[in-house]
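Here the structure comes first, spelled out in structure tokens, and everything after it is commentary.
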Amino acid sequence: MTLKVLFTPEKSGISISGALIYFTIPMPLQNLPITESQVNSVLVLITIFCLCLYFTHGITVKAELKRQQIAEWIVKQTQSLVKTNMSDYFSGFAPFVAAIMGLSAFSSLLSLIGLYPPTSDINIVGGWAILVFILITYYKMKCGPIHYVKSFGDPVPLLSPLNIISEVATPISMAFRHYGNVLSGAVISVLVATGLQGLSKLLLGWLPGFLGEIPFLQVGLPAILSVYFDLFSGCLQAFIFAMLTMLYVASGFPEEDYFARRAKKLAKLKK
Amino acid sequence: MELAIGIILGCCALGAGAAMIAGIGPGIGEGNAVASACEAIGRQPECKGSVTTTMLMGCAIAETTGLYALVIAILLIFVAPNMLVNILLNAVK
């Protein structure tokens, strides 16, 4: 977002706006708008797909290529992350975690090249949060629906409304956390860049010709803010989103009950 | 008419400002978290990595209430004025 503001001349005016709507497709229930964030997230998907193809092209057993070693490092890191945060039952969870982390990080980093980052649109992040919520509910349902319903009245049945609220609040807070962090960074950097533009206009505006239009104060501070808000905060939010996904899924899964149930079933089958 | 629209815009701005008072809470909370993390690293420098990871996670969760306030403030600034003025204009018609 900073880059977009820096290259907008002062005359055309800068406004903080949401994602642009390119066109709408008529649908039976409601028109489907195709927005900037949807297009950009498809762009991110294609980028990640091409990166995966590039990293894994021509891999060998000995790992001679540099790109293969990078790919192996990524896989090892995610597997160790999943192993430390989840139980052994979830050892196949690493690809999902890596996918969601890469998607989120690349979406946030898209603002570095001046495009609209899809993560500052709540619809995109809300979709991911709903996906995570479905996963959590799936792993909670592993012991059957009766066990799932019983888990709401956990200490005492009187507290079940509070449990239901905390269940619903999980995806909302995940979506708001990611979206709010990225959006607040974008708003702050746009405000600072615009303010510095106005200030330099005030100081140098009396000079004739193009000399008066050089926004010399915009050198420095917006770049430092961009390093923090776009680079550091984007990667940190991706890490936190993936971490919370792992923690919620792992804590929602009733492991002991599930294994006890499975052992019972196996014993029944043997008889 | 202008007075009513002015009151709507002014109250939206005031509400957005008042909502951001909630930023105090996460500020204090995160400060405490980071202070304790520094103390822990000072006591046991060998577990710096895990302490930093846990601290960042805790900061992210403590930030949530502040972000709720931020979302409400953004709604009040960018969405609510248009909506309320439209409702007013429709009611006058």
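Every residue, every condition in (1) within 13 Å of chain B (Cβ to nearest Cβ); (2) more than 17 Å from A:Leu3 (Cβ to Cβ); (3) open to solvent by less than 30 Å² (accessible area, probe 1.4 Å), yes or no:
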| residue | (1), (2), (3) |
| --- | --- |
| A:Gly185 | yes, no, yes |
| A:Phe216 | no, yes, no |
| A:Val219 | no, no, no |
| A:Pro222 | no, no, yes |
| A:Tyr228 | no, no, no |
| A:Cys235 | yes, yes, no |
| A:Phe241 | yes, yes, yes |
Applying the selection to the stretch A:155-173, what residues are among the β-branched types (Val, Ile, Thr) and not in a helix (DSSP H, G or I)? A:Val156
Taking the residues in the stretch B:5-50 that are more than 14 Å from every other protein chain (Cβ to nearest Cβ) and touching a Leu at 6+ places or on another chain (Cβ under 6 Å) as candidates, determine which candidate is farthest from B:Val92 (Cα to Cα). B:Gly15
For the structure I just gave you, tell me whether A:Val168 is within 14 Å of chain B (Cβ to nearest Cβ) and at negative phi. no
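Quick one: which of B:Leu56, B:Leu76, B:Leu9, B:Leu70 is touching a residue at least 24 places away in the same chain (Cβ under 8 Å), of a type in the set (A, V, I, L, M) and closer than 23 Å to A:Gln237 by Cβ?
B:Leu70
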Filtered residues of the stretch A:101-128 (kept if under 21 Å from A:Met174 (Cα atoms), among the β-branched types (Val, Ile, Thr) and open to solvent by 10 Å² or more (accessible area, probe 1.4 Å)): A:Ile122, A:Ile124
Collect the residues in the stretch B:51-72 that are at the interface with chain A (Cβ under 9 Å from one of its Cβ atoms), in a helix (DSSP H, G or I) and either of a type outside the set (A, V, I, L, M, F, W, C) or open to solvent by 40 Å² or more (accessible area, probe 1.4 Å) (or both), keeping them in residue-number order. B:Thr53, B:Leu56, B:Ile61, B:Thr64, B:Gly66, B:Tyr68
Within the stretch B:73-93, can you find the residues that are open to solvent by 50 Å² or more (accessible area, probe 1.4 Å) and within 10 Å of chain A (Cβ to nearest Cβ)? B:Ile77, B:Phe78, B:Val79
Test: A:Tyr179 is aromatic (Phe, Trp, Tyr), open to solvent by less than 50 Å² (accessible area, probe 1.4 Å), within 14 Å of chain B (Cβ to nearest Cβ) and in contact (Cβ under 8 Å) with a residue 12 or more places away in the chain: yes
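The values are calculated or read from the model by the stated rules, or taken from the named source; none is laboratory data. Bear in mind that the values here come from a model prediction, so they are computed numbers and not experimental data. For neighbour counting, all protein chains shown are included, and Cβ atoms are generated from backbone atoms with ideal geometry for every residue, glycine included. Keep in mind that these areas ignore ligands, DNA and RNA; they rest on the heavy atoms of the full protein, side chains included. Shrake-Rupley method; radii C 1.70, N 1.55, O 1.52, S 1.80 Å.
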